[in-house]
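The structure under discussion appears below in the form of structure tokens.
The values are calculated or read from the model by the stated rules, or taken from the named source; none is laboratory data. All figures in this text were calculated on a predicted structure; none of them were measured in a lab. Heads up, the Cβs are rebuilt from the backbone with ideal geometry, glycines too, and the neighbour counts pull from every protein chain shown.
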């Protein structure tokens with residue numbers, strides 16, 4: 001007489017990130033949809049218990065980024081502005097596919113690189129005069145990132 005025994009995984013491991021803190025830099029002119037970096041976590045369980053999915057933890061800055069749940073690739077989700085936030089820090093979560101899922105989170109720090117331009121608040125000024133040429137008055141503005149005064153028109 002013979003018997004067949006199948007041993008099932010009990011999901012006793014949480015996913016583990018391959019590093020403790022992820023860092024990336026992105027230009028403030030990065031287009032929405034541009035990839036920033038890919039985070040990676042590994043789960044040593046088997047089957048669905050080892051299937052890792054990613055999400056961003058709740059934080060004020062996460063509306064500027066999104067993560068692909070399957071690949072862990074982080075993308076720009078909204079316009080970035082160095083003068084508003086030169087560095088954004090939030091947590092990314094890796095969760096396994098177990099019925100009682102296990103998860104781990106790690107810090108993601110994204111540095112926004114300045115683009116050396118006329119400050120964003122001054123970019124949309126337009127002067128129009130109907131019927132004759134016009135000189136747009138110049139207004140000085142301080143770029144807080146560099147300490148440079150810009151004359152924008």
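Across the stretch 81-96, what is the number of residues that are outside any strand (DSSP E or B) and in contact (Cβ under 8 Å) with a residue 60 or more places away in the chain? Residues in the stretch 81-96 being outside any strand (DSSP E or B) and in contact (Cβ under 8 Å) with a residue 60 or more places away in the chain: 3 in total. Exactly one of (1) touching a helix residue (DSSP H, G or I) at 6+ places or on another chain (Cβ under 9 Å); (2) buried (at least 17 other Cβ atoms within 10 Å of the Cβ) is unmet by residue 36. Its number? Among (1) touching a helix residue (DSSP H, G or I) at 6+ places or on another chain (Cβ under 9 Å); (2) buried (at least 17 other Cβ atoms within 10 Å of the Cβ), the lone unmet condition for residue 36 is (1). Of all residues assigned to the stretch 5-16, none qualifies as being in contact with a strand residue (DSSP E or B) (Cβ under 9 Å, 6 or more places away or on another chain), modelled with pLDDT of 95 or more, assigned to a strand (DSSP E or B) and surrounded by 18 or more Cβ atoms within 10 Å (Cβ to Cβ).
Any residue that is in a strand (DSSP E or B), closer than 18 Å to residue 88 by Cβ and at pLDDT 95 or above - is there at least one of those in the stretch 42-52? Don't jump to the end; show me each part of the working.
From the stretch 42-52, those in a strand (DSSP E or B) are 42; that's our starting set.
Pick out the ones that are also closer than 18 Å to residue 88 by Cβ and you get none.
Taking every residue of the stretch 42-52 in turn, none turns out to be in a strand (DSSP E or B), closer than 18 Å to residue 88 by Cβ and at pLDDT 95 or above.
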